[in-house]
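As structure tokens, the structure follows; a few thoughts come after it.
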Amino acid sequence: FEAMATDSASPWESVLVPGEILAASPSSADGVPAAVEVAHRIFGCEVIQEVGILLRLPQVVVCTGTNLLHRFYYRVSLKRFDAFVVAMGCFFLACKIEEKPKRLRETVFAFHYSWRVRTRATGSANKPLELGGATYAAWKAELVRVERHILKELGFAFYLIDHAHKFILFYVKLLDGTRELAQSAWSYLNDATRLDLCVRYKAEVIACAAVFMAARTLGVRLPTEGDATWWRVFRVSKDELDACVEAVVGLYARPKVTWLEPLTPPPYITDDDFVSTYAASSSGAAAAGGASAAGSATAIATKPAAASTATTRAEASSGPPTAAADNDAELDASSSKAASSSKAAAAAGSTTMTTKGSSSSSKEDHPRESSSSSKKRDRDRKDDRDHHHRDHRDHRDRDHRDHRDRDRDRDRDRDHRDRDRDRDRRHHDRDDRDREHRSSQHRRDRSDR
């Protein structure tokens, strides 16, 4: 133990949040009490864990999502971003980081289902999301928005995160622990993800705390040698170990929370006003896009008219040189008349062309809108087709596995039958030999008599 405890530093280094930021989080600066902030953090992590189970994802995705949530709230306040929405964005981003990507619609559907179950929604709010509906579009846009904010606030640095789960099996094996000890420690680590221990302590410290609590719960005695305790082998101090254990034990004393109201200003993502506001803003953006397109078409139509007016004016003002001075007044009068007539013609032409341009732009608005809707419809059809192909492939693979299992069972049954047949044949041959031996012995006895 002494030799192992004095080795060089561990190569695994976790990226921790500085102490000055831990002491003054952005939420506390906005007047949010520490207990309320912890409750919202725990709530967001529980939602991530629940959705991870619903979508049958590995635990590493959940750990990465909760780690991102804790780090994000040391950059922004709970009064800017709701914990439920941030949990949705962190989960979606964690699936990409851990190379277990889920489609955006799957994430939205899973979190909407979690919201309906946790709030015990009734009436129309208890209905599942409709793909392509107003509520689905609003949730989808909010998910994309919060994901971009998470990427910006965390600086796109997501690959320097260590999880304590990867140390558990190694530690338990080194301590000659049992499978039950490893499973119990793993469960304690899953519960510890709800707290911000991942940004306060190294992964080795949290893993040792989980092993310590599991050993105390199961009554397992861990090895020690004099003053060298087992956690010193893993370069963990007693103060850090006690702090982690105390935090996790305090977590079990907290009441169970199903839903927490957001601290952000309304409208919330779960309100009907949010959906209507998003629909109004979307329609306003579409109308502004159509108006800008019409304005550009009008400007383009006006430019040739202005050019023709300038040309007419230049042609009217330039005339052949005359030698007689008495014809100057007549030429001036004729040129002024030509200029006035050309101005009127140019104005009429520009008005006509502007009207045509505006009418053509107004005619183009509808094809543009229909084009966007058709693109969206084609995209939804492609997603449905991909989903259908994926289901068909899964069913085909399942059928192949079933056929393979049936073939294996049939071969095993045939081997058993052959083995039984050989055994019966051997028994029969032995019985025949015994019978022949008895008959020969009987013949010898009779000849002797």
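The values are calculated or read from the model by the stated rules, or taken from the named source; none is laboratory data. For clarity, every value in this text was computed on a predicted model and none was experimentally measured. For neighbour counting, all protein chains shown are included, and Cβ atoms are generated from backbone atoms with ideal geometry for every residue, glycine included. Just so you know, the surface numbers come from the protein's heavy atoms only, side chains and all, with ligands and any DNA or RNA stripped out. Shrake-Rupley method; radii C 1.70, N 1.55, O 1.52, S 1.80 Å.
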Is there a residue being small (G, A, S), closer than 21 Å to L55 by Cβ and assigned to a helix (DSSP H, G or I) anywhere in segment 118-135? no
Listed residues R377, R368, R396; which is open to solvent by 70 Å² or more (accessible area, probe 1.4 Å) and modelled with pLDDT of 80 or more? R396
Hey, R116 free of Cβ contacts under 8 Å to residues at least 40 places away in the same chain, surrounded by 14 or more Cβ atoms within 10 Å (Cβ to Cβ), over 25 Å from A192 (Cα atoms) and not polar (S, T, N, Q) or not: yes
When V76 is run through (1) open to solvent by 40 Å² or more (accessible area, probe 1.4 Å); (2) part of a loop (DSSP other than H, G, I, E, B); (3) over 12 Å from V51 (Cα atoms), the failure sits at (1)
Only one of (1) over 35 Å from the mean Cα position of the chain (by Cα); (2) hydrophobic (A, V, I, L, M, F, W, C); (3) part of a helix (DSSP H, G or I) is not met by L241, so which one is it? (1)
Of L169, L175, L218, the only residue that is farther than 30 Å from T270 by Cα, out of contact with any His (no Cβ under 6 Å at 6 or more places or on another chain), open to solvent by less than 40 Å² (accessible area, probe 1.4 Å) and modelled with pLDDT under 95 is L175
Quick check: anything in segment 204-212 buried (at least 16 other Cβ atoms within 10 Å of the Cβ) and in contact (Cβ under 8 Å) with a residue 60 or more places away in the chain? yes
From the residues in segment 86-102 that are at pLDDT below 95 and more than 8 Å from the chain's Cα centre (by Cα), which one is least open to solvent (accessible area, probe 1.4 Å)? I97
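Residue by residue, here is whether (1) free of Cβ contacts under 8 Å to residues at least 24 places away in the same chain; (2) in contact with a strand residue (DSSP E or B) (Cβ under 6 Å, 6 or more places away or on another chain); (3) more than 30 Å from H112 (Cα to Cα) holds:
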| residue | (1), (2), (3) |
| --- | --- |
| L169 | yes, no, yes |
| L175 | no, no, yes |
| E180 | no, no, yes |
| A192 | no, no, no |
| Y201 | no, no, yes |
| E225 | no, no, yes |
| L241 | no, no, yes |
